[in-house]
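Report on the structure given below.
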Amino acid sequence: SRSLPITVRATVTMGRWAHRGHWRRLSKLDRKIVGECLELLEITSIADRPIGMLSGGQRPRALVAQGLAQRSALLLLDEPSAGLDLHARRLIDEALRATLAEGTTVLRVTHDLEVAGRADHCLLLQDGRLAGEGAPASVLTPERVAEAWGQSPKHICRFRHCRISRSWWLTVHYKCNH
């Protein structure tokens with residue numbers, strides 16, 4: 001909602017609540033972590049702006065920053081870069097790579113085959129059921145994706161593979177029966 005009165009900084013700060021509680025003051029470490037997350041996603045300049053006034057590319061970055069501020073062992077993300085411009089997608093991808101390097105496990109839902117192809121492990125779902133599991137090269141073949149997504153294999157593009165440690169990226173598709 002555009003009328004949501006909470007700022008970007010306060011939104012990211014909520015990621016520290018599990019460590020501090022709702023009403024306890026932030027520690028110096030908490031403030032440092034919030035600042036780092038704002039910088040990592042290049043949203044420091046808009047930190048005092050209400051979250052409801054952000055653009056479609058800024059808001060997802062603020063929400064990813066909130067997740068990163070938690071510094072949890074597991075980060076669950078549902079299409080964090082869907083519909084974003086290349087710059088915002090790159091920032092989110094770089095932030096997730098940085099958190100992976102720090103030892104966090106990232107589970108990311110995506111329909112983007114290029115993104116899924118950079119994972120260590122993929123789960124391919126068809127109609128809410130597991131249709132494939134394993135390394136991206138073996139799971140995300142044009143034939144398997146086409147079957148899961150109900151498309152012809154000739155419409156599924158090849159993509160390059162590279163390794164990112166400790167990540168599981170989940171490719172999801174639900175068929176619409178119209």
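Remarks
- List His121, His22, His87, ordered by accessible area with a 1.4 Å probe, largest first: His22, His87, His121
- Shown here for region 1-103: GluC sites (Glu not before Pro) in loop regions (DSSP other than H, G, I, E, B) with at most 14 other Cβ atoms within 10 Å, namely Glu102.
- In region 62-117, the portion of solvent-accessible area held by carbon and sulfur atoms comes to 54 percent [1.4 Å probe, whole percent, DNA, RNA and ligands not counted].
- If only the Cβ of Lys and Arg carry +1 and only the Cβ of Asp and Glu carry -1, the dipole of region 1-134 around its Cα centre is close to 840 debye.
- Trypsin sites (Lys or Arg not before Pro) within region 50-150, DSSP loop, no more than 15 other Cβ atoms inside 10 Å: none
- Separation between Cα centres of region 86-138 and region 12-76, rounded to whole Å: 22
- Surface exposure of region 1-81, expressed per residue as accessible area with a 1.4 Å probe, stands at 59 Å².
- Accessible-area composition of region 12-51, carbon plus sulfur, in percent [1.4 Å probe]: 55
The values are calculated or read from the model by the stated rules, or taken from the named source; none is laboratory data. This structure is a prediction, so every number in the text was calculated from the model and none was measured. Cβ atoms come from the backbone with ideal geometry, glycine included; neighbour counts cover every protein chain shown. Areas reflect the complete protein model, heavy atoms only, side chains present, ligands, DNA and RNA absent. Shrake-Rupley method; radii C 1.70, N 1.55, O 1.52, S 1.80 Å.
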